[in-house]
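Below is one structure, written out as structure tokens; the observations come after it.
The values are calculated or read from the model by the stated rules, or taken from the named source; none is laboratory data. These numbers come from a predicted model, not from an experiment. Cβ placement follows ideal geometry from the backbone for every residue including glycine, while neighbour counts extend to all protein chains displayed. Only protein heavy atoms, including side chains, enter the accessible area calculation; ligands, DNA and RNA are left aside. Shrake-Rupley method; radii C 1.70, N 1.55, O 1.52, S 1.80 Å.
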Amino acid sequence: METSDSEYFESADEDLESDTEDNTRSKKTSNLSVKNVEKNLENLKIEHIREPEQNIKENRMEYSDLSNTSSSEKANPDDNLLMKPKINQEPINNNSNNKEIVEQVLKDKLPEDHNLNKPAIQLNEDKSEDLWDEDELNWELEAAREFSESTLKCTVVSKNDDSDWNDFNADWESESPSSLPLQEDGTKMVQSSTQESLWENEWEPLEEPEDKSIKQNESSWGNWGWGVSSLLNTASSLTNHVSQGLTTVIESSIGIPQPEELAKINKELSKQEPTEDKQKNDNSVGAFDLSNLVSGVSKFVETTGSKVITGGLDTLEAIGKKTAAVIQEGDPGLKKKRAFLKLDSITAKPNLSQALREAKEKAEEKCYEQQLQSKRKIKNYETLFDDHQGLVHLEALEMLSKLCLIKLDNITNSLSGDSLNDLQETLEQVKELCELSEDEEEDKISIDQADEIISNCVKEISIPISYGKMFTVCREANGWLDNAKLEFVDNIDIHQQALDTLAQITAIAVEQFHKAGELLLVKDHRSTADEADSLVQITTILKSLILTEAEKFTEKLSCLKSDEVNENITNIFFEAGNSATYIQDAFQLLIPVLQVGAV
Amino acid sequence: MVEPIFDYQFRLILIGDSTVGKSSLLKYFTDGKFAEVSDPTVGVDFFARLIEVKDGTRIKLQLWDTAGQERFRSITKSYYRNSVGALLVYDICNMSSFEHVPQWMSEAKRHIEPHRPVFALVGCKADLVNNGGQREVSKEEAKAFADNHGIYFIETSAKSGLNVEDAFKAVTQEVYNRIQSGEYKVEDGWDGIKTGFSRPNSLDYHLAEAEPARPSCCL
């Protein structure tokens with residue numbers, strides 16, 4: 001897809017600035033389409049009801065792309081300039097295609113005796129009187145340009161009920177001229193091809209990182225266009241089943257702005273039409289914000305009230321809600337955006353894209369701050385546990401455990417009859433010895449008590465493991481807590497210190513279980529019952545110790561007055577739970593080691 | 001403590017006779033310190049350090065320091081698996097430790113799965129030779145053995161720090177080269193090579209790159 005949307009928009013941009021004739025033409029075109037649709041109220045197809053859902057999906061996907069666009073737009077002005085030379089080729093190509101379509105549609109739909117040109121003119125004039133006051137026409141040219149870029153496509157799409165997907169296709173094809181012949185295919189195909197293309201567009205930068213910068217720029221330009229067009233698309237498709245009349249209103253108010261191709265077709269269809277007094281409309285044609293949409297719609301409702309079915313307003317409301325939902329999606333700066341839209345309805349100055357851009361910038365800023373913060377201070381429990389070599393000791397302990405299981409399997413397989421039963425009984429007994437009582441978990445324990453009990457247990461199994469390092473960690477943590485003045489440490493400091501202490505205690509505990517396993521395996525005289533008893537006791541004490549430490553930290557935390565305190569207290573207990581689980585798992589891994597000693 | 005920011009993690013294992021200086025070598029490499037007295041390793045111990053290869057890629061080395069003592073032999077065998085590199089360590093002043101190198105090597109070949117590891121032959125205690133100690137293993141015969149097996153060879157001292165860095169750098173670079181050549185790949189279920197965290201300064205780049213795809217997952 002050499003030619004991207006961005007070029008396309010560029011061309012629209014240029015045209016708006018230099019060629020006001022095109023605007024005029026597009027206005028006429030949309031009026032033409034209004035007429036078409038009105039004439040064919042009966043042809044309204046129920047099938048279209050399913051489409052809005054899909055549209056919304058697309059729409060949502062595109063919406064966030066939309067918000068990305070502004071930055072790349074700013075960042076790469078050169079790229080945009082570089083694309084300009086190609087600009088004018090595409091719309092010209094499209095002209096003929098669209099012309100064909102429109103002509104075909106007209107042939108299909110309009111009564112034979114109907115004159116194509118005159119009604120269009122008439123309607124156009126009506127509308128400029130009814131819908132657009134002088135004030136409303138005073139939109140800023142810039143806004144007009146921006147919006148016309150984005151709405152360029154949607155007009156084509158929603159122009160006529162039956163042909164709308166065809167046109168959509170044609171419009172899409174304009175970006176990939178190679179597949180132009182497809183344009184008059186069935187509706188379904190169009191839809192799927194649209195979605196495919198969409199994906200392609202999005203993934204391209206990831207798959208081909210070499211020319212990332214260019215591609216990305218292209219795709220974001222493209223997405224920009226798609227986002228808005230599909231957003232409006234959704235609106236217009238939804239409206240389709242309210243009533244034909246309403247559809248055309250929305251089209252003519254949202255959509256009119258100037259699809260290049262249509263403008264040019266229209267030129268040919270209505271060459272004889274005078275264009276003198278269209279200048280004012282020209283400015284307004286491209287510029288649309290919600291307030292204008294609403295006023296346009298309501299005015300039309302007034303004038304064509306009889307044509308509007310009763311449920312129309314409800315559906316409009318639904319459109320509004322859905323549109324709002326789409327706009328709100330992924331937008332943390334929602335309040336601001338709302339304020340903007342309100343403002344919008346009064347002054348008509350800030351437009352949607354501006355609001356979105358600011359919301360996006362705000363969100364990005366917030367995100368970036370969060371990242372900075374996490375980079376500065378926060379290491380998660382798992383990382384800390386790994387830093388203290390807890391994870392790798394656990395892994396090595398698993399290997400050891402597996403080694404023992406294999407040994408046990410070999411022995412089991414070599415036995416049969418009574419001796420096999422005896423063995424299995426022994427294995428089962430060891431397992432029972434290693435069962436941890438579950439109700440002791442809540443007991444708190446002082447460091448000194450724990451130290452004493454664990455030292456005695458280690459003596460019992462007479463292997464040179466030591467928990468001294470662990471108790472040093474505990475004592476240091478307590479010292480830190482005692483000395484920590486709340487004026488100098490914050491919530492994050494305490495939380496981080498808590499996680500580090502828990503991770504370190506757990507890592508050492510796992511390490512010592514690992515060492516115990518290794519040492520027991522090379523020990524000459526085993527005493528399985530004592531080993532099991534001691535290790536069960538050690539495990540229980542370790543779990544109590546973890547809980548005690550966690551409580552000390554959370555007590556300190558709860559002295560602080562801050563919103564995040566509760567979250568961190570919860571997190572400390574959560575990680576304390578994790579610690580206890582790691583320790584318990586490590587102990588379970590020792591069971592085969594004990595079993596090997598028993599047989 | 002190791003910074004958690006690295007591109008790859010390699011698991012290297014140190015094997016060799018008891019008291020040749022594996023733990024001291026690692027201690028110097030990771031802490032820059034030398035302990036005159038140290039306890040014999042029980043089973044396996046772990047060290048970690050971040051190192052950069054020539055193109056600036058940051059590698060976290062997870063170093064498995066095995067016990068050389070005969071009594072742990074059956075246990076340490078179970079730790080070989082999943083290593084991507086193996087340092088065959090001997091004592092320059094202890095001929096028998098060098099004579100056992102072929103056994104250590106075949107042991108490693110047998111137990112290291114699923115890929116053949118990068119080997120390096122590392123002579124320790126080079127400082128003793130300069131201080132009137134008795135060299136028992138000549139540089140030439142060690143070099144000949146290494147060349148014969150097509151592996152890297154270096155003499156080091158954990159006391160003076162001589163060549164310690166180079167020994168690990170060489171193995172790391174070779175593992176990295178093999179990744180580049182496609183011989184080694186990051187695989188699920190193989191812990192020899194793992195991918196790590198990306199660097200913070202590349203964060204923005206990644207974010208920008210990922211953005212076009214984001215709508216599909218979060219909306």
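Tabulated data for the structure shown
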item	result
Accessible area of the range A:445-599 divided out per residue, in Å², using a probe of 1.4 angstrom	40
Förster-model FRET efficiency, 35 Å R0, B:Asn130 and B:Asp55, C-beta, rounded to 0.05	0.50
Cα→Cβ-extended label distance, 7 Å offset, between B:Lys139 and A:Glu452, nm	6.1
Mean separation of Cα contacts under 8 Å, 6 or more apart, over the residue count of the range B:28-160: relative contact order %	22
Average beta-carbon neighbours from other chains, 10 Å sphere, peptide A:385-394	3
Backbone HN-Hα couplings from phi across the range B:181-194 [Karplus 6.51/-1.76/1.60, Hz, Gly and Pro as x]	7, x, 5, 10, 10, 6, 10, 5, x, 10, 9, x, 10, 10
Label point distance in nm, A:Asp563-B:Ser18, each placed 7 Å from Cα along Cα→Cβ	6.2
Surface accessible to a 1.4 Å probe, B:Asp166 within the full protein complex, Å²	70
Accessible area of chain B divided out per residue, in Å², using a probe of 1.4 angstrom	45
Counted charge near A:Ala529, where neighbours are those whose Cβ lies closer than 12 Å (Asp, Glu -1; Lys, Arg +1)	-4
A:Asp443-B:His149 pseudo-label distance in nm [points 7 Å out on the Cα-to-Cβ vector]	5.3
For B:95-107, mean number of other protein chain Cβ atoms within 10 Å	0
Under 5 Å, built H, 5+ apart or other chain: amide partners of B:Val118	B:Gly85, B:Ala86
Net charge contributed by nearby residues that have their C-beta within less than 9 Å of A:Val593 (K/R +1, D/E -1)	-2
With DNA, RNA and ligands ignored, accessible area of A:Leu403 (1.4 Å probe; Å², nearest 10)	50
For the range A:452-509 versus the range B:1-56, the gap between their alpha-carbon centres in whole angstrom	25
Calculated FRET efficiency for the pair A:Ser527/B:Arg73, C-beta based, R₀ 30 Å, to 0.05	0.80
Rg/Rh ratio calculated on Cα atoms of the range B:1-113 (Kirkwood radius)	0.97
Derived scalar couplings ³J(HN,Hα) [the range B:50-63; Karplus, 6.51 cos²θ - 1.76 cosθ + 1.60; whole Hz; x for Gly, Pro]	9, 9, 10, 8, 4, 7, x, 5, 8, 10, 8, 8, 9, 9
Surface accessible to a 1.4 Å probe, B:Lys22 within the full protein complex, Å²	10
Helix axis angle, B:22-31 relative to chain B longest principal axis, alpha carbon, degrees	50
Exposure rank, largest accessible area first [A:Cys404, B:Cys93; 1.4 Å]	B:Cys93, A:Cys404
Contact order relative to length of the range B:27-76, as percent, for alpha carbon pairs under 8 angstrom and 6 or more apart	34
Ranked packing of B:42-49, A:428-435, most packed first, by mean Cβ within 10 Å	B:42-49, A:428-435
Calculated from backbone phi, Karplus (6.51, -1.76, 1.60) coupling profile of the range A:465-472 in Hz, x at Gly/Pro	9, 9, 9, x, 4, 5, 5, 4
Distant-in-sequence amide H partners of B:Cys124 (H built 1.01 Å from N, under 5 Å)	B:Tyr90, B:Asp91, B:Ile92, B:Thr156
Inter-chain shielding of B:71-79 (mean C-beta neighbours from other protein chains, 10 Å cut-off)	5
Using a Förster distance of 22 Å, the FRET efficiency for A:Glu476-B:Ile5 (Cβ separation, nearest 0.05)	0.25
Of the GluC sites (Glu not before Pro) in the range B:75-149, those whose Cβ has at most 10 other Cβ within 10 Å and which sit in DSSP loop	none
Summed residue charge, Cβ within 14 Å of A:Cys404's Cβ, Lys/Arg positive, Asp/Glu negative	+2
Highest-first arrangement of A:474-484, B:28-38, where packing means the average Cβ count within 10 Å	A:474-484, B:28-38
Reciprocal mean inverse distance between Cα atoms of the range A:429-545 - Kirkwood radius, Å	15.6
Residue-span extension gain [A:Phe573 to A:Phe488] - 0.36 nm each, minus C-alpha spacing	28.2 nm
Residue of B:Ala146, B:Ala158, B:Ala108 that the Gaussian network model of chain B assigns the largest fluctuation, springs spanning Cα pairs under 10 Å	B:Ala146
The range A:471-580 - percent relative contact order, Cα under 8 Å, separation 6 or more	44
Percent carbon-and-sulfur accessible area, the range A:403-548, ignoring ligands, DNA and RNA, probe 1.4 Å	46
